[in-house]
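Novice: Got a structure for you, questions after.
The values are calculated or read from the model by the stated rules, or taken from the named source; none is laboratory data. Here the structure is a predicted model, which is why all the values come from computation and not from measurement. Heads up, the Cβs are rebuilt from the backbone with ideal geometry, glycines too, and the neighbour counts pull from every protein chain shown. Only protein heavy atoms, including side chains, enter the accessible area calculation; ligands, DNA and RNA are left aside. Shrake-Rupley method; radii C 1.70, N 1.55, O 1.52, S 1.80 Å.
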Amino acid sequence: MRTSAVVAGLGSALPPNRVTNDDLTKELDTSDEWITSRTGVRQRFTVPVGMATSDLAVVAAQRALSSSGMTTVEAVVLATSTPDHPCPATAPDVATRLGLAQVAAFDVAAVCAGFVYALATAAGLIESRVVNSALVIGADTFSTILHPQDRTTRVIFGDGAGAVVLRAGNAAIDGALLAFDLGSDGTGRDLITVWGGGARQRSSRIVPAAADLHFAMQGKAVFNRAVQCMGTSVAATVRSVGWDVTDLDLLVAHQANARILRAIGQQLDLDEDQVAVNLDRVGNTVAASIPLALADAVATGRLRPGHHVALAAFGGGLTWGSAVLRWPDIPVAME
Ligand code: ACO
């Protein structure tokens, strides 16, 4: 039987600062009613001064390793669009701080689809026998790139990290990643951006305005694309392994907006309890969104060994992807 990558451990981490909707109304022209009804978010967590993406990534990864019972892995793939520095990548530092000597380590940038892209990349490394095990981490600290006065983004995003350990196995084992679907559409590149700070702005010699150094999103323009891309991608991946969408016990989709999650559920004809929701408690945590939602679903008993699970993500780029697996019998370590 050919080698498959198998999920063997899961961990997550949230930063210490809890920010409720009422907290935001003290700084922004917004209301708990607007945020809750338009997004579903009730609170999010943000990093204190001095804490960065790698700090959360290390904690989530340590918890994933402890959940797996493994002490080492041969690769670290970190999905993030808020790396500690523009250069070098953050993953080698994370690997070293985890005590993983000289393993392969690199970042994957696909914004909110980053975790599924990183999972597919690490699974490919295992299936092609380049490595026998890997940590896949999704970690972002979007609070560090949001404009403090931008009510359209500050109400949505939160910081966090989640990680899974993958090991070599076969497709018959619960936890085996059975199929992926990945896609992108660069014509939507201007819809989710940090315009300044990159080579395009630097080579143009244009001094960026403060707003251009912060994150911007045309939310309305991407709403329908998010629903359509995640729904279509999940349906294709589920079909590719011979399942029907009705076989799914749980869809763990990117936690962008409660209305998006409801719309995908309706598109796929899923009941409300077949779609994981934790964004009310953590907001949109970008690349950390899916592993944080997985950890929440395991901790609450919503996700159990043997369950048929689909993961789906959509983000800047535009990028999207999905994956399917049967959930393994692993403990979860989270905050
Ligand atoms: N409080 C009060 N009013 C607000 C707020 C706020 N926080 N934010 C915006 N408004 C106002 C707007 O100014 C607008 O006012 P107007 O009608 O007078 O112009 C009104 O509320 C409606 O704004 P919309 O942008 O039309 O609100 P919408 O219902 O579309 O919700 C949201 C916005 C939450 C961003 C939604 O469009 C969304 O979730 N989009 C998808 C996001 C997504 O999936 N992104 C991809 C993944 S994220 C990533 O890759 C990083």
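Novice: Of the options 105, 285, 56, report the single residue whose Cα projects farthest towards the positive end of the charge dipole of the chain (beta-carbon charges: Lys, Arg +1; Asp, Glu -1).
Specialist: Looking along the dipole axis, the top candidate is 105.
Novice: Return the whole-Å distance between the Cα centroid of the range 149-179 and the Cα centroid of the range 261-325.
Specialist: Taking the Cα centre of the range 261-325 as reference, the centre of the range 149-179 is 9 Å away.
Novice: 7 Å from Cα along Cα→Cβ at both residue 213 and residue 27: what's the point-to-point distance in nm?
Specialist: 1.7 nm
Novice: Of the beta bridges DSSP finds with both residues in the chain, what % are antiparallel, to the nearest 5?
Specialist: Just about 70 percent of them are antiparallel.
Novice: Could I ask something else about it? Binned at 10 Å from 0, what are the whole-percent values of the Cα-Cα distance distribution for the chain, short to long?
Specialist: The percentages, shortest bin first, are 6, 28, 37, 22, 6, 0.
Novice: Hey, with R₀ at 45 Å, roughly what FRET efficiency would residue 203 and residue 173 work out to, going by the Cβ-Cβ distance, to 0.05?
Specialist: After rounding to 0.05, the efficiency reads 0.35.
Novice: Follow-up question, since we're still on this one. Which of 312, 79, 216 moves the most in a Gaussian network model of the chain with Cα springs under 10 Å?
Specialist: Judging by the Gaussian network model, the answer is 216.
Novice: Under the rule of -39500 (n - 2.57) per DSSP H run of 4 or more residues, summed and divided by the residues of the chain, what mean residue ellipticity at 222 nm is obtained, to the nearest 500 deg cm²/dmol?
Specialist: -9500 deg cm²/dmol
Novice: Amide H of residue 8 versus every other amide H placed in the peptide plane: which residues, excluding those fewer than 5 positions away on the same chain, fall under 5 Å?
Specialist: 165, 166, 167
Novice: Using alpha-carbon positions, what is the distance between the centroids of the range 30-68 and the range 90-139, in Å?
Specialist: After rounding, the separation between the Cα centres reads 20 Å.
Novice: How large is ³J(HN,Hα) for each residue in the range 184-196, as worked out from phi by the Karplus curve 6.51 cos²θ - 1.76 cosθ + 1.60 (θ = phi - 60°), to whole Hz, x for Gly and Pro?
Specialist: 8, 8, x, 5, x, 5, 8, 7, 9, 8, 10, 5, x
Novice: The range 1-78: which GluC sites (Glu not before Pro) are DSSP loop and have at most 12 other beta-carbon atoms within 10 angstrom?
Specialist: When the GluC sites (Glu not before Pro) of the range 1-78 are filtered for loop state and at most 12 Cβ neighbours within 10 Å, 27 remain.
Novice: So if a site counts as exposed when it's one of the trypsin sites (Lys or Arg not before Pro), its DSSP state isn't H, G, I, E or B, and it has at most 13 other Cβ atoms within 10 Å, what's the longest stretch of the chain without one?
Specialist: The longest such stretch corresponds to 206-335.
Novice: Shifting gears a bit: With no solvent and one point per C-alpha, what does the Debye sum give as log10 I(q)/I(0) for the range 60-158 at q = 0.11, 0.14, 0.24 Å⁻¹?
Specialist: Computed log10 I(q)/I(0) values: -0.36, -0.55, -1.28.
Novice: Something else: Rounded to the nearest 5, what % of DSSP beta bridges with both residues in the range 177-333 are antiparallel?
Specialist: Bridges in the range 177-333 that DSSP calls antiparallel: roughly 75 percent.
Novice: Within 15 Å, Cβ to Cβ, of residue 319, how many net charges do the neighbouring residues add up to if Lys/Arg are +1 and Asp/Glu are -1?
Specialist: Charge balance near residue 319 sits at -3.
Novice: What does the charge dipole of the range 177-333 about its Cα centre add up to, to the nearest 20 debye, if the Cβ of each Lys and Arg holds +1 and the Cβ of each Asp and Glu holds -1?
Specialist: Once rounded to the nearest 20, the dipole reads 700 debye.
Novice: Mean 1/r over all different Cα pairs, inverted: what Kirkwood radius does the range 104-249 give, in Å?
Specialist: 18.1 Å
Novice: Same structure, new question: Could you tell me which of 17, 86, 207 has its Cα farthest along the dipole of the chain towards the positive end, charges placed at Cβ (Lys, Arg +1; Asp, Glu -1), taken about the Cα centre?
Specialist: Value computed over the given set: 207.
Novice: Just add up the charged neighbours of residue 239: K/R +1, D/E -1, any other residue whose Cβ is under 15 Å from the Cβ of residue 239.
Specialist: Charge balance in the 15 Å sphere: -4.
Novice: Turning to a different aspect of this structure: Using the heavy atoms of the protein chains alone and a 1.4 angstrom probe, what is the accessible area of the chain per residue in square angstrom?
Specialist: 42 Å²
Novice: Using the Cα centre as the reference, give the magnitude of the dipole from point charges on the C-beta atoms of the range 92-151 (Lys, Arg: +1; Asp, Glu: -1; all else neutral), rounded to the nearest 20 debye.
Specialist: 100 debye
Novice: Hey, what do the phi angles of the range 98-113 turn into as Karplus ³J(HN,Hα) couplings, whole Hz, using 6.51/-1.76/1.60 and θ = phi - 60°, x for Gly and Pro?
Specialist: Calculated HN-Hα couplings, in order: 7, x, 8, 6, 6, 7, 4, 8, 7, 9, 10, 10, 9, 6, 6, 8 Hz.
Novice: With +1 on each Lys and Arg Cβ and -1 on each Asp and Glu Cβ, and nothing else charged, work out how big the dipole of the chain is about its Cα centre, in Debye to the nearest 20.
Specialist: 520 debye
Novice: Mean-square fluctuation check for the chain, GNM, Cα pairs under 10 Å: which of 20, 46, 141 is largest?
Specialist: For the chain, modelled as a Gaussian network with Cα springs under 10 Å, the answer is 20.
Novice: Heavy atoms only, probe 1.4 Å: what % of the accessible area of the chain goes to carbon and sulfur, would you let me know?
Specialist: Of all accessible area on the chain, carbon and sulfur atoms account for 51 percent.
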